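Please treat every number below as a calculation from the coordinates, not as lab data. The structure presented is a predicted model; accordingly, all values stated were derived computationally and were not measured. Quick reminder, even Gly has a Cβ in these numbers, built from the backbone with ideal geometry, and neighbours come from all protein chains shown.
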Amino acid sequence: MRHQNATAYRFLTPYLLIFSIFWVWPIISSFLISFQATRTVPWRFAPTFNWGRLIGDPAFYNALKNTLLILVIQVPVMISLAIVMAVLLNSPLLKVRGLYRFAFFAPVVVGEVAYSAVFRLMFNLNFGIINKLLNSVGLPSVDWFSNVTPAMALIMIAVTWRWAGYNAIILLAGLQSIPDDVYEAATLDRVSKVKQFFYITLPLLKPIIVFCAVLSIIGTMQLFTEPFLITERGGPGGGTETLGLLLYRQGFRSLNFGYASAVAYTMAGLAIAITLVQLWLTRDPK
Amino acid sequence: MTSRSQSRLGRAIALHLFLTPLAVIWLFPLWMMVVFSTMPDNGIFSPGIELLPHDNFVDNFNNLQRDTNFVGAIGISVSVAVTYTFLSVLLTSMAGWALARYQFVGKGAVVAIILGTITLPYSVVLIPQFIMVARDFQLANTWIALIVPPLFNSLGVLFMRQAFSMMPADLFDAARVEGVKEWRIFLFVALPLARPMLAALAIILFLASWNNYLWPLLINSQPGSMTAPVALGTLIGLTKVSWGGIMAGAVMLTVPMLVVFVLLQRHFIAGIAAGAVK
């Protein structure tokens, strides 16, 4: 095929300009900023200034610990739930399918601020509906906001509610691409439904499950709005502080761009590592 | 009844017995959002269990409007989301078209950079974007700041590249033989054929812009320039604030999107599911 450079770049250039200015260059720039002391004018090159501070900063380890803790608990729970939702929504036995789909998929369109506000009210200590319902079945109230463990649990519950259906949509699309005759053959061979799930559905769905997991890990890694609004700036006492919140406080409250960039690149490093694991898990067996 | 159909019935009952409580739990926060938005503040903070809507929505809305100019903020959010969606669909489908249908120098590099950076967290570009827009360009608290930087999103490029490369080449070659210019082929042949994909993309982009919180929070923090989620967010955590009002705002942000979701479910789901078929 002959080259069509001029035509192609006429279509490509407008997007490419924006993409370069607001994505490619900032990726490089952020890396460079992390090696500069940015609270002096002009900024000066100081390679160990931010990274040295990061390595010795208890606030960083606290945020990293909280973020990883949320990751390792919330993501597997949510993905498992999403798989269950997708498989059951795909069942030919299901009646009023549209209603169930609406229930699980509706949170996908709800904004972070709106749902954070609702969760704050619902989990209020004295007047929240959740504690009232707990009391009505004889259970004690939980102080969701003043203790670290319930506060972390609340963040995980909120994020799971918001994103499980999103993952279920992706998984459902994957399920529907599995040809029916695979299951028909298994049913003829008297393979039970449970066995079919573990020996047919899960292996065929694996690349999509891994994709959802990676997407969720990278999303949860940047968790910001929920600890910002629901548990009020990472409370109690930094108990739900995440890397996203640390970046926000350092970058935009203390205006310490260099240090915030080091935090940002820590997240990027984690994301790259996770993406490599994904590529390895879904590699073509040669 | 045969035992086979009996076991079918049993499984159907078990399925619904499991899924119904889960669906009720999942709908509960949305239902409570509506209930709270119709309750007076002293009703929200009272010991009784209230699960049904009251009739205080208008008062709550007035309280919200007193706490922050929410109507103005909604106006900004709608205008920004519409403009952003239009521009992003246009830019990314042009780029997707170029990548799908032409051979050119640098094509491999462009695709490699897009794919190679797509899983990087957005947080990485936040600080340079902020410095650039607020300090270098002096554009904080403007519409441009809300609309232009998020246009970097490459989801649409990949999505539209996929859509255009699945179309048969003969279609476009026939037009070329007739001497039709390339941009006319793009506008009047390719785009109309890609209508379902454009709809899915537009819905996803509109929703992303409508719900966007972090960037607008950072860049447009002046009262008159806030988007609706940011304006609502400033009220959360204040001591003297109407929670019924906040809930009325949450309903106004959410219910229109739920209606759109119900009406355009197919496109919505196509747009989200497409994220997986890169």
Handout entry: Hits in the stretch A:146-192 - residues which are in contact with a Phe, Trp or Tyr (Cβ under 9 Å, 6 or more places away or on another chain) and of a type in the set (D, E, K, R)
Key = A:ARG162
Exercise for the section: Only one of these is in contact with a strand residue (DSSP E or B) (Cβ under 9 Å, 6 or more places away or on another chain) and either more than 30 Å from B:LYS107 (Cα to Cα) or not in a helix (DSSP H, G or I) (or both): A:ASN50, A:ASN66. Name it. Expected result: A:ASN50
Problem - Out of B:GLY179, B:GLY106, sole residue that is on the phi > 0 side of the Ramachandran plot and within 11 Å of chain A (Cβ to nearest Cβ) - result: B:GLY106
Problem - Enumeration of residues in the stretch A:215-235 that are on the phi > 0 side of the Ramachandran plot and surrounded by fewer than 23 Cβ atoms within 10 Å (Cβ to Cβ) - result: A:GLU232, A:ARG233
Problem - Matching residues in the stretch A:1-45 - criterion: being among the small types (Gly, Ala, Ser), free of Cβ contacts under 8 Å to residues at least 12 places away in the same chain and touching a helix residue (DSSP H, G or I) at 6+ places or on another chain (Cβ under 9 Å) - result: A:ALA8, A:SER20, A:SER29
Practice task
For B:LEU99, state whether it is assigned to a helix (DSSP H, G or I), in contact (Cβ under 8 Å) with a residue 40 or more places away in the chain, touching a Pro at 6+ places or on another chain (Cβ under 7 Å) and at the interface with another protein chain (Cβ under 9 Å from one of its Cβ atoms).
Solution key: no
Handout entry: Subset of the stretch B:35-46 [crowded, with 18+ Cβ neighbours inside 10 Å and within 8 Å of chain A (Cβ to nearest Cβ)]
Key = B:PHE36, B:ILE44
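To keep it simple, each residue is scored yes or no on (1) closer than 29 Å to A:ALA114 by Cα; (2) charged (D, E, K, R).
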| site | (1), (2) |
| --- | --- |
| A:CYS212 | yes, no |
| A:SER216 | yes, no |
| A:GLU241 | yes, yes |
| A:GLY251 | yes, no |
| A:ALA262 | no, no |
| A:MET267 | yes, no |
| A:ALA273 | no, no |
| A:LEU279 | no, no |
Problem - Listing of helices (runs of 4 or more DSSP H) fully contained in the stretch A:83-158 that carry 3 or more residues being out of contact with any Pro (no Cβ under 7 Å at 6 or more places or on another chain) and over 19 Å from B:VAL262 (Cβ atoms) - result: A:112-122, A:129-136
Problem - Subset of the stretch B:145-169 (residues that are within 19 Å of B:ALA112 (Cβ to Cβ) and among the small types (Gly, Ala, Ser)) - result: B:SER154, B:GLY156, B:SER165
Practice task
Would you mind stating whether A:THR240 is outside any loop (DSSP other than H, G, I, E, B) and touching a residue at least 40 places away in the same chain (Cβ under 8 Å)?
Solution key: no
Practice task
Select from the stretch A:24-36 the residues that are loosely packed, with under 15 Cβ neighbours inside 10 Å and in a strand (DSSP E or B) and list them in ascending order.
Solution key: none
Exercise for the section: Answer yes or no: is there a residue in the stretch B:257-264 that is more than 30 Å from B:ASN56 (Cβ to Cβ), aromatic (Phe, Trp, Tyr) and within 8 Å of chain A (Cβ to nearest Cβ). Expected result: no
Completion exercise
The one condition A:ARG283 fails out of (1) more than 28 Å from A:PRO179 (Cα to Cα); (2) without any contact (Cβ under 8 Å) to a residue 24 or more places away in the chain; (3) not in a helix (DSSP H, G or I) is (1)
Practice task
Inspect all residues belonging to the stretch A:61-78 and state whether any of them is surrounded by fewer than 19 Cβ atoms within 10 Å (Cβ to Cβ), in contact (Cβ under 8 Å) with a residue 60 or more places away in the chain and touching an Asp or Glu at 6+ places or on another chain (Cβ under 7 Å).
Solution key: yes
Practice task
Out of the residues in the stretch B:219-250 that are within 9 Å of chain A (Cβ to nearest Cβ) and in a loop (DSSP other than H, G, I, E, B), state the one that is surrounded by the most Cβ atoms within 10 Å (Cβ to Cβ).
Solution key: B:ILE236
Exercise for the section: Return a yes/no flag: does the stretch B:62-72 have any residue that is out of contact with any Asp or Glu (no Cβ under 7 Å at 6 or more places or on another chain), within 11 Å of chain A (Cβ to nearest Cβ), among the polar types (S, T, N, Q) and surrounded by fewer than 16 Cβ atoms within 10 Å (Cβ to Cβ). Expected result: no
Exercise for the section: Return the residue satisfying two criteria in turn: it lies in the stretch A:241-254 and is more than 10 Å from chain B (Cβ to nearest Cβ) and of a type in the set (A, V, I, L, M, F, W, C), and of such residues it is surrounded by the most Cβ atoms within 10 Å (Cβ to Cβ). Expected result: A:LEU246
Problem - A:PHE197 farther than 22 Å from B:LEU120 by Cα, surrounded by fewer than 21 Cβ atoms within 10 Å (Cβ to Cβ) and of a type in the set (Phe, Trp, Tyr) - result: yes
Exercise for the section: Take A:VAL148 and decide whether it is within 7 Å of another protein chain (Cβ to nearest Cβ) and either out of contact with any Gly (no Cβ under 9 Å at 6 or more places or on another chain) or of a type in the set (A, V, I, L, M) (or both). Expected result: no
Exercise for the section: Report, ordered by the first and then the second residue, all pairs with beta carbons closer than 6 Å, sequence separation of six or more or different chains, a first member in the stretch B:178-196 that is closer than 18 Å to A:GLN4 by Cα, and a second member that is β-branched (Val, Ile, Thr) and in a helix (DSSP H, G or I). Expected result: B:GLU182/A:THR7
Practice task
For the stretch B:44-77, name all the residues that are in contact (Cβ under 8 Å) with a residue 40 or more places away in the chain and either outside any helix (DSSP H, G or I) or more than 13 Å from B:ILE246 (Cα to Cα) (or both).
Solution key: B:PHE45, B:ASN56, B:THR68, B:ASN69, B:GLY72, B:ALA73, B:ILE74, B:ILE76, B:SER77
Exercise for the section: Any chance you could count how many residues in the stretch B:159-201 are among the hydrophobic types (A, V, I, L, M, F, W, C), surrounded by fewer than 17 Cβ atoms within 10 Å (Cβ to Cβ) and in a loop (DSSP other than H, G, I, E, B)? Expected result: 3
Exercise for the section: Within the stretch B:7-34, track down each residue that is within 30 Å of B:ASN62 (Cβ to Cβ) and either more than 9 Å from chain A (Cβ to nearest Cβ) or in contact with a Cys (Cβ under 6 Å, 6 or more places away or on another chain) (or both). Expected result: B:TRP31, B:VAL34
